[in-house]
Each structure stands twice: as C-alpha cells, then as structure tokens.
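A short write-up of the structure that comes next.
The values are calculated or read from the model by the stated rules, or taken from the named source; none is laboratory data. Being a predicted model, the structure only gives us computed values, none of them experimental. So basically every Cβ, Gly included, is an ideal-geometry build from the backbone, and we count neighbours across all protein chains shown.
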Amino acid sequence: MLLTKRLLVAAVLLISVAPPTASLAQSPPVRVRGTIASFSGDTLSVVTREGPTVAIAMPANVQPGALKRLTFDDIKPNSFIATVAAPNAKGELEAVYVNVFAEAQRGTGEGHYDWDLMPGSSMTNATVTSIANPGAGRKLSLVYKGNPIDVTVPPNAIIMTGIPASRDDLKKGARVFINASKAADGSLTALRLTVGKDGIDPPQ
C-alpha cells in the first residue's frame, strides 16, 4: 500500500493523564492533528490538518509524549502493540505503523476499531502471539480480548515506541496529535498529546 511522509505514526504514548472531569467526559474524545501556531500559558493554538485554527486548553497534569524509531526485531512475542493498518491488494491487513507499548501500558485501548488516519484504516491494540518473518511478508499474529487477528508488516511500515517529552517541545511549527475532550460549549481540553521531536512527527 502507499505510504506518504504524512503518515508518520499515530498514537500517543508514555503520557500520564488524570481522568477527565464529569463535564468533559460527557462528550466523546476528539482527535486533533495539526501544527502548533502558539503555546501561551495553558492554551495551545493548533492549525488543524483540515485548515481551521483551534484553541486547546492544556491542564497542568497533561504531559506531552514523543516518539522514537524501532526496528521489526524490537517486536517480541507477548509485546502489547498498537497498529494502524489497511487492507492490501490481497485483502490482508497491512500495517502503516506499529507502536510497541511499554509494559506498564499493557491493555491500553485494547481492541480493533476504525481509525481516521486514512480511508479504510483501522487501529488494533493487541498482544503479539507469534511472529513470522519471511522477508517482505513479515506477519504478526495478534489477540485482543480473545479475538485473533493477523497483520502483515511491510518493510516500509514505521515501527516505534513512545518517549517522554516536555512542554518546552510545544514550539511553533511542531506537529501534534491530540486526544481532547469537547465541552458543551465546544471548547477543547487536551487529554493526551504527542508532539513531533527529533524528526519524527505524529500523524497528519
């Protein structure tokens, strides 16, 4: 499948977030992808990939995360991973990226569901049960909540894990991927945030 430079990694990793307040939890989280226009006080201004600029409140207990590259060999049996994938010409799920969670994050978002990185994409958060590595046809067998699923990992798939970042990394021009809660008045409050750092950007 086609993979463009814009499809660099999704998911937010190694971020400590307190549970949202009751008023925020009433609305489902929204995903914001874009570029930082400014960060002042506790407000982040983001030019979204769709065009509009939005203001997002940054509570003190939300710490940014970033990403670093791994290799296929860093994926081990029993690793808990998240992968964004889409069907290839053979009808197999083919990974765009694979994120290897830290052990402390095992179970995060476990399941298989639609994703909005690109048309037809899905997200699977699951445990690796076995790994096949026949050259370009590398395959991961996964299980989530008792359900098995296989994902092919082509050589151009991006494999990574989360690392800590800081608010100093929230600079103008940096790419961000944010899970936010939307209040009844339409205002957004960040729950989790991944920022581009050291040349590795979150998904756009």
Restricting to the stretch 58-80, give me the number of residues that are surrounded by 15 or more Cβ atoms within 10 Å (Cβ to Cβ), of a type in the set (A, V, I, L, M, F, W, C) and outside any loop (DSSP other than H, G, I, E, B).
3
Would you please name the residue that is modelled with the highest pLDDT, looking only at residues in the stretch 16-52 that are closer than 14 Å to Leu170 by Cα and either touching a His at 6+ places or on another chain (Cβ under 6 Å) or in a loop (DSSP other than H, G, I, E, B) (or both)?
Asp42
Select from the stretch 106-120 the residues that are at pLDDT below 95 and surrounded by 13 or more Cβ atoms within 10 Å (Cβ to Cβ) and list them in ascending order.
Thr108, Gly109, Trp115, Leu117, Met118
Given (1) over 15 Å from Gly34 (Cα atoms); (2) within 12 Å of the chain's Cα centre (by Cα), number of the condition Asp185 does not satisfy
(2)
Determine which single condition Val128 fails, assuming it passes every other condition in (1) out of contact with any Pro (no Cβ under 6 Å at 6 or more places or on another chain); (2) assigned to a strand (DSSP E or B); (3) within 22 Å of Gly162 (Cα to Cα); (4) modelled with pLDDT of 95 or more.
(1)
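Let me confirm something: among Ala104, Ala89, Ala55, which residue is in contact with a strand residue (DSSP E or B) (Cβ under 8 Å, 6 or more places away or on another chain) and either among the aliphatic types (A, V, I, L, M) or not in a loop (DSSP other than H, G, I, E, B) (or both)?
On the way: Ala104 fails: in contact with a strand residue (DSSP E or B) (Cβ under 8 Å, 6 or more places away or on another chain); Ala89 fails: in contact with a strand residue (DSSP E or B) (Cβ under 8 Å, 6 or more places away or on another chain).
The conditions single out Ala55.
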The residue that is nearest to the chain's Cα centre (by Cα), considering only those in the stretch 72-123 that are closer than 19 Å to Val30 by Cβ and among the aromatic types (Phe, Trp, Tyr), is Trp115
